[in-house]
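A single structure is presented below for examination.
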Amino acid sequence: MKVGISLTSNHPDAKDPRQAARWMIERTAAAHRARLDSLFVGDQHVSATPYYQNTPMLGRLLAEWGAAPAGCLFLLPLWHPVLVAEQIGTLASIAQGPFIMQCGLGYGEARFAAMGANIKTRPSAFEEALDVVRRLLAGETVSSSRRFRVTKASLALRPAEPVEVWIGASAPPAIDRAARMAEGWIASPGLTRAEARSQAEFYRERCAAHGKRPTAIALRRDIYVGESSADAQTVLQQALRKGYRGIPAEALIAGSIDEVAEQFRLLGELGYTDIIVRHLTNDQPKVLGSLERLEKVRAALA
């Protein structure tokens, strides 16, 4: 099993804009020292709280990263596909290792309206955008006149190696779309163990139906690796008292090195190849300590 990290980009509790940017840089360096297998940042627009945008942030973070895979999420219906392809071409050139494009549909009528996009057509816009991006990255000259207007677009700066696509999805039609269109699938962080099992089984069934063999079956999990079990439970209870992101307690992982490793093993038994972590706390010293201990979790899994 591989263990990667999706850095928190939303920082409402930072004292000033530069502070949280430094936190993200420090966490990336710590994740690199812990030899984590992948690095990602998310995508969100017109956020009510400070949110660090994916492409400039990842460009800076790659200076702290190594040759392990890295990438970012694109909510494709909210982006013009030519711009996405250009951003990927540049980021993949900065990265020392493979680039992974994560993508999803996005949500929230207010967000779509603010970005001038139609939420009702997001599935078709997603599929069209992904097709355009992949063709541009492959070196084709592309025209399209459906949800997006593209006329004889081409990309001169392209990645040195193929870009994998992982799609985040939770509804059955979206999971089927991931099986049909992508190399990997990312399961929701809020899934209970039973839901994680059934969705992984459904995804593998749809991959077989489409004649695909996925490279990654990934699950996001919000975690904390404590100095001890007691330390971890304290952090977990603090998060739960605040109604942590509406995620059920069963879907959160907090414990000692051995306890977290065991929870990851159980998820591996369900068929997940990658656990992509995010931290339950935004306390910088605690996050850095948890990342340091994640190296031992990863070693225990190996």
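Taken together, the values in this text are just the output of simple stated rules run on the coordinates, not laboratory data. Nothing here was measured: the structure is a model prediction, and the numbers come from that model. Cβ: placed from backbone, ideal geometry, glycine included. Neighbour counts: every protein chain shown.
Can you list the trypsin sites (Lys or Arg not before Pro) in region 1-82 that are in a DSSP coil and have 14 or fewer other beta carbons within 10 angstrom? Mind showing how you got there, number by number?
Values: sites: LYS2, LYS15, ARG18, ARG22, ARG27, ARG33, ARG35, ARG60; in loops: LYS15, ARG35.
Loop-located and lightly packed - LYS15, ARG35.
Name the residue farthest towards the positive end of the dipole of region 2-221 from the options THR121, PRO69, VAL132, assuming +1 on Cβ of Lys and Arg, -1 on Cβ of Asp and Glu, about the Cα centre.
THR121
Provide the percentage of antiparallel DSSP beta bridges, counting only those with both residues in the chain; round to the nearest 5. Could the numbers behind the result be given before it?
On the way: 4 of 40 bridges.
Taking every DSSP beta bridge within the chain, about 10 percent pair in antiparallel fashion.
Can you tell which of PRO172, ALA110, ALA232 lies farthest toward the positive end of the dipole of the chain, using +1 and -1 charges on the Cβ of basic and acidic side chains (Lys, Arg; Asp, Glu)?
About the Cα centre, the residue reaching furthest to the positive side is ALA110.
When only C-alpha pairs under 8 Å and at least 6 residues apart count, what is the relative contact order of the chain, in percent? Walk me through the numbers on the way to the answer.
Details: 555 pairs, mean separation 55.5, N = 302.
Dividing the mean separation by the residue count of the chain yields 18 percent.
Can I ask one more? Taking the Cα atoms only, what angle lies between the long axis of helix 81-94 and the longest principal axis of the chain, rounded to 10 degrees?
With rounding to tens, the tilt is 50 degrees.
In degrees from 0 to 90, rounded to the nearest 10, what is the angle of the helix 193-209 Cα long axis to the longest principal axis of the chain?
In the chain, helix 193-209 runs at an angle near 30 degrees to the longest axis.
To the nearest 20 debye, what charge dipole does the chain have about its Cα centre, counting +1 at the Cβ of each Lys and Arg and -1 at the Cβ of each Asp and Glu?
Numbers: 37 positive and 31 negative charges, 131 e Å.
The calculated dipole for the chain is roughly 620 debye.
Taking neighbour counts of Cβ atoms within 10 Å as a proxy for exposure, in what order, fewest first, do TYR224, TYR203, TYR51, TYR107 appear?
On the way: TYR224 27, TYR203 22, TYR51 19, TYR107 10.
Least crowded to most crowded, the residues run TYR107, TYR51, TYR203, TYR224.
Additional query: What order do you get for 78-87, 241-250 when each peptide is scored by the mean count of other beta carbon atoms within 10 Å, highest first?
78-87, 241-250
Using Cα atoms only, what is the angle between the long axis of helix 284-301 and the major principal axis of the chain, expressed in degrees (0 to 90) to the nearest 10?
90 degrees
Which of rounded, prolate or oblate describes region 116-194 when judged by the alpha-carbon gyration tensor and an a/c cut-off of 1.5? Mind dumping the intermediate values first?
Values: a/c = 3.00, a/b = 1.52, b/c = 1.98.
It comes out oblate by the Cα gyration axes.
Just how many pairs of Lys in the chain have C-alpha atoms closer than 21 Å, counting pairs that are eight or more places apart or on different chains? If you can, show how the numbers build up before the last one.
Working: LYS2/LYS212; LYS2/LYS296; LYS15/LYS242; LYS15/LYS286; LYS242/LYS286; LYS286/LYS296.
Count of close lysine pairs: 6.
Right, another one. Which of rounded, prolate, oblate describes region 2-221, given a ≥ b ≥ c as roots of the alpha-carbon gyration tensor eigenvalues and a/c under 1.5 marking rounded, otherwise prolate only if a/b is larger than b/c?
Working: a/c = 1.28, a/b = 1.13, b/c = 1.13.
Rounded, since a/c falls under 1.5.
Okay, next question. Give, in nm to one decimal, the length gained when the segment between PHE202 and GLU227 is fully stretched (0.36 nm per residue of separation minus the Cα-Cα distance). Before the final figure, lay out each step's value.
Working: separation 25, 0.36 × 25 = 9.00 nm, distance 3.68 nm.
So the extension gain works out to 5.3 nm.
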